[in-house]
Amino acid sequence: MRVPEIVTVSDARSGLSRILTELSEAGPEAEPVLIGAHRKAQGVLLSIEAYENLTGRASRREAAESATGSLAAEGLRPTPASDQDAEAYVRGTLSAEEMAARALARHRPESHQEAG
């Protein structure tokens, strides 16, 4: 494994557009760009794919897209509330269990919903 070069803050500032383009083009294969001073890393730039892989968002997004695809295959479309729940799940602010419970509550017949 090679040791990544540390880019100075001034070099990062002047070359930010180029750095972002390179990260975007390389996607998940992009090497992180370390930014700092005096040969000490103080921050890092990652491609969005690398960030999503790091945070687990990629697998959650894939699961949400699969569920949406299953609905489309059945000729159905998610509601705006379902779309909002899916995005919260992808961000990691809503668990799969909470998302399922909300969907069931939204679509349960009136006679089976609990009072309150």
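Values in this text are rule-based calculations from the coordinates and carry no lab data. Keep in mind that what you see is a predicted model, and the values were worked out from it rather than measured. Here the Cβ is made from the backbone with ideal geometry for all residues, glycine too, and neighbour counts use every protein chain on show.
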Average Cα contact separation per residue, the chain, under 8 Å, 6 or more apart, as relative contact order %: 16 percent
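Return I35, I48 ranked ascending by Cβ neighbour count within 10 Å, so the fewest neighbours appear first.
Details: I35 19, I48 14.
Least crowded to most crowded, the residues run I48, I35.
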Nitroxide proxy distance, nm - points 7 Å out along Cα→Cβ at A67 and E97: 1.5 nm
Helix axis angle, 16-26 relative to the chain longest principal axis, alpha carbon, degrees: 60 degrees
Förster radius 22 Å - calculated FRET efficiency between R39 and R13 (Cβ-Cβ, nearest 0.05): 0.75
Crossing angle, helix 96-107 versus the chain [Cα axis fit, 0-90 degrees, rounded to tens]: 40 degrees
All-pairs Cα distance distribution in the range 6-53, expressed in whole percent, bin size 5 Å: 5, 25, 28, 23, 14, 4
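Can you give the calculated 222 nm mean residue ellipticity of the chain, where each DSSP H run of n ≥ 4 adds -39,500 (n - 2.57) and the sum is split over every residue, rounded to the nearest 500 deg cm²/dmol?
-17000 deg cm²/dmol
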Whole-Å semi-axes of the chain's equivalent ellipsoid (Cα gyration tensor): 43, 15, 11
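Where does each of L94, L20 land when they are ranked from fewest to most other beta-carbon atoms within 10 angstrom? Mind showing how you got there, number by number?
Details: L94 17, L20 13.
Ordered from fewest to most neighbouring Cβ atoms within 10 Å, L94, L20 come out as L20, L94.
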